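> Before anything else, here's the structure in question.
The values are calculated or read from the model by the stated rules, or taken from the named source; none is laboratory data. All values derive from a computational prediction rather than experimental measurement. Because the Cβ atoms are built from the backbone with ideal geometry, glycine has one as well, and the counts that use them run over all protein chains shown.
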Amino acid sequence: MAISFAGFMALALYHEEFGYYSVPATRQIGRKGDFFTSVSVGETFGFLLAHRIRGEAGARFDASEPVFVIEQGAHDGQLAIDILRGWDEISAQSGDQGCELRYRIIEPREKVRAALCERFTTEGFEDRIEVVASAGEAGAGQGVFLCNELLDAFPVEILTFRDGRWLEKVVTIDEAEDKLAWGTRELPDALKPFAEKLGNDFPEGYETEVCPAIDEWVPEVATLFSGKGLWWVIDYGYEAADYYAPSRRTGTLRCYRKHEATEDPFEAVGDTDITAHVNFSHLEEAAAAGGLALNQFTDQHHFLIHAAKPWLLSIEGEVPDRATAARLRQFQTLTHPSLMGQQFKVMELENEGMRE
Ligand SMILES: C[S@@+](CC[C@H](N)C(=O)[O-])C[C@H]1O[C@@H](n2cnc3c(N)ncnc32)[C@H](O)[C@@H]1O
């Protein structure tokens, strides 16, 4: 018996009862969890995204219509809360409410939707954040779609180069030891286009990942906005030339537990995060096929520094109080090239409406 690695990863992360992400409230992200994300650094990430959304709303969206933020991969909803609080703070400080901002979260799992709604009700956001089950229900006029570290959690397939050809790495059971084990099999038709694209100039034993889930996901979200739409995909990853560099012999698959990285996804299944870097060239191609054009591909450092300009100007020359000092520390973590600034990338895509 063998199953594809993507099938195994989907179960390990998303099985309704035993999956790593089945109950976000029990999967704290940050110091007490298994890994950090920009959201877990603190509220500054959402605050800066609120600034960036405000800038776009003023410059490129129709101010007389509401602007929608649609998020997927929201986990426990922290980023939504941080963005809305940031938006309110900017409004209060500038004395200008700005346009009407509405927030929608796409969350396909019923249990996770219920947990999100409960949190938003407890924290007084139930009228401002809507949680829907699919992209089909999230459709809006104009706005920004965003996801932070969603795509690195998409199930991937693993290819391995043996004797001059690509094989698929699969998950089997070692009957003698009664445990999960690796196997290989000939490529199924669905993976052949990925292998053809890679070519055959790879060293023996080379392993890498491909993510067919990107091709299924892009068409779901590419038509979210009937009018002007921007898409911000924030994640770690590389362009194809770097992702598939011959020197990257063991791919990018990593497992995280209590801030320790391993490469063994069969250890503590359901209690360990499994992730792979994003191939941004693949995303760009899939987006183009779905009618979205690349506006910019940059790193988090540049994206957030641009977003932070109005805030940095507003505190220039002041002695920072405790809250501002904390925000400045978080800002440094998010943007410093040796911390999160360079590792995280932002792909900004836009639809036809944005170019009219
Ligand atoms: C690495 S975590 C990032 C969480 C959060 N965005 C952050 O930055 O802290 C990935 C999240 O994406 C969620 N996720 C994965 N596939 C999803 C999908 N198809 N729709 C909605 N959420 C998804 C997972 O449940 C998990 O909460």
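> Filter region 111-138 for residues that are under 27 Å from VAL346 (Cα atoms) and out of contact with any Lys or Arg (no Cβ under 9 Å at 6 or more places or on another chain) and give the result.
Across region 111-138, the qualifying residues are VAL112, ARG113, LEU116, SER134, ALA135, GLY136.
> Tally time: how many residues in region 48-91 are in a helix (DSSP H, G or I) and either within 15 Å of the ligand (Cβ to nearest atom) or without any contact (Cβ under 8 Å) to a residue 40 or more places away in the chain (or both)?
12
> Assess whether ARG254 counts as being among the charged types (D, E, K, R) and either under 17 Å from ILE234 (Cα atoms) or in contact (Cβ under 8 Å) with a residue 24 or more places away in the chain (or both).
The answer is no for ARG254.
> Which residue pairs have Cβ atoms closer than 8 Å, lie 6 or more positions apart in sequence or on different chains, and pair a first residue in region 138-150 that is within 16 Å of GLU220 (Cα to Cα) with a second residue that is within 12 Å of the ligand (Cβ to nearest atom) and among the acidic types (Asp, Glu)?
Every condition considered, the pairs that remain are PHE145/GLU71; LEU146/GLU71; CYS147/GLU71; CYS147/ASP235; LEU150/ASP235.
> A follow-up question, please. As an exercise: evaluate ALA2 against (1) closer than 23 Å to ALA276 by Cα; (2) of a type in the set (Gly, Ala, Ser); (3) within 11 Å of the ligand (Cβ to nearest atom) and give the number of the one condition it does not meet.
Only one criterion is unmet by ALA2, namely (3).
> Still on this structure, I have one more. On the given criteria, is GLU285 farther than 26 Å from GLN93 by Cβ, without any contact (Cβ under 8 Å) to a residue 12 or more places away in the chain and either among the polar types (S, T, N, Q) or surrounded by 14 or more Cβ atoms within 10 Å (Cβ to Cβ) (or both)?
Taking the combined requirement at face value, the residue satisfies it.
> Quick check on my filter: what residues within region 115-163 are aromatic (Phe, Trp, Tyr), within 16 Å of the ligand (Cβ to nearest atom) and not in a strand (DSSP E or B)? Before you say what the answer is, go through the steps one by one.
Within region 115-163, the first condition is being aromatic (Phe, Trp, Tyr), and the residues that meet it are 120, 125, 145, 154, 161.
Narrowing the set further to residues that are within 16 Å of the ligand (Cβ to nearest atom) leaves 120, 145, 154.
Passing the criteria: PHE120, PHE154.
> Please identify the pairs in which a residue from region 9-27 that is under 24 Å from VAL170 (Cβ atoms) and more than 10 Å from the ligand (Cβ to nearest atom) has its Cβ atom under 9 Å from the Cβ atom of a residue that is hydroxyl-bearing (Ser, Thr, Tyr) and not in a helix (DSSP H, G or I), counting only partners at least 6 apart or on another chain.
What qualifies is ALA12/TYR20; ALA12/THR272; HIS15/SER22; GLU16/SER22.
> Report yes if GLU318 is more than 18 Å from ARG52 (Cα to Cα), at pLDDT below 95, not in a strand (DSSP E or B) and not aromatic (Phe, Trp, Tyr), otherwise no.
It is true that GLU318 is more than 18 Å from ARG52 (Cα to Cα), at pLDDT below 95, not in a strand (DSSP E or B) and not aromatic (Phe, Trp, Tyr).
> Restricting to region 92-114, name every residue that is within 10 Å of the ligand (Cβ to nearest atom) and under 19 Å from VAL233 (Cα atoms).
Of everything in region 92-114, those that are within 10 Å of the ligand (Cβ to nearest atom) and under 19 Å from VAL233 (Cα atoms) turn out to be ILE105, ILE106, GLU107, PRO108.
> Moving to a separate point now. Can you pull out the residues in region 62-84 that are of a type outside the set (A, V, I, L, M) and under 18 Å from PHE145 (Cα atoms)?
ASP62, GLU65, PRO66, PHE68, GLU71, GLN72, GLY73, HIS75, ASP76, GLY77, GLN78, ASP82
> Is it the case that region 272-295 has a residue that's under 30 Å from PHE18 (Cβ atoms) and more than 15 Å from the chain's Cα centre (by Cα)?
Start the filter on region 272-295 by keeping residues that are under 30 Å from PHE18 (Cβ atoms), which leaves 272-279, 282-283.
Applying the additional criterion that residues be more than 15 Å from the chain's Cα centre (by Cα) yields 272.
The answer is yes; a qualifying residue exists.
> A further question on this structure: If GLY205 satisfies all but one of (1) surrounded by 14 or more Cβ atoms within 10 Å (Cβ to Cβ); (2) touching a residue at least 40 places away in the same chain (Cβ under 8 Å), what's the number of the condition it fails?
(1)
> Answer with yes or no whether GLU216 is within 16 Å of the ligand (Cβ to nearest atom), exposed (fewer than 13 other Cβ atoms within 10 Å of the Cβ) and assigned to a helix (DSSP H, G or I). Lay out the reasoning, then the answer.
Details: within 16 Å of the ligand (Cβ to nearest atom): yes; exposed (fewer than 13 other Cβ atoms within 10 Å of the Cβ): yes; assigned to a helix (DSSP H, G or I): yes.
Judged against the criteria, GLU216 is a match.
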